[in-house]
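Since every read-out is calculated from the coordinates, none of them should be taken as a lab result. All values reported here derive from a predicted model rather than from experimental measurement. Cβ placement follows ideal geometry from the backbone for every residue including glycine, while neighbour counts extend to all protein chains displayed.
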Amino acid sequence: MKKLLGIMVLGLLWFMPVNAQKEEFVAHDEINWTGKCFIQYEGKVVVDNEMCTMSLQEYGKEKDEFTIIVSKEVDCDDGTKNCSYFFYAHKNKLLKTYLFNVYYNVWKDMPQAGQRISPAQIDEYFVGGIDGACFLKDNHKFCYEFKE
């Protein structure tokens, strides 16, 4: 009987913390819009407050984490279309601390974001009367306009 009771207690102790620590991943609706953006990489401005396309995906029960994708379509160096400058900006939570990261494609003909700029700081972005956010690190600056 003692063995059975011991097994039951150990079983409860084993499974309770696993279930208590399980946090559900929650993704919310994706939001898409156009607005102004600014991209500066290694001190060189490649997009200067021009119209860009943006999409936002929020995560977590409190919508306190996100990924935003900002893209500016441009002509390729050889005159063809389908090139762009773009960046992914992330706000992630790690043990109640928020981290900001940016991934950038560096060259307009790169289809993937190859340069990680981390950790970034966040600041406000003002263009005319419209507000937005900027991710900054050293001589890099990635900004986007909030959806109206």
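Taking Cβ atoms as reference points and 10 Å as the exclusive limit, the residues near VAL102 contribute a net charge of +3, counting Lys and Arg as +1 and Asp and Glu as -1. The range 120-137 and the range 78-104 have their alpha-carbon centroids 14 Å apart. Among the trypsin sites (Lys or Arg not before Pro) within the range 83-148, those in coil by DSSP and having at most 15 neighbouring Cβ atoms inside 10 Å are LYS96, LYS147.
Around ASN139, what is the net charge, scoring Lys/Arg as +1 and Asp/Glu as -1 over all other residues with Cβ under 13 Å from its Cβ?
+1
For the range 65-118, applying the loop criterion from DSSP together with a ceiling of 15 other beta carbons within 10 Å to the chymotrypsin sites (Phe, Trp or Tyr not before Pro) yields TRP107. Taking a Cβ cut-off of under 15 Å around PHE38, the surrounding Lys, Arg, Asp and Glu residues balance to a net charge of -2, with basic ones at +1 and acidic ones at -1.
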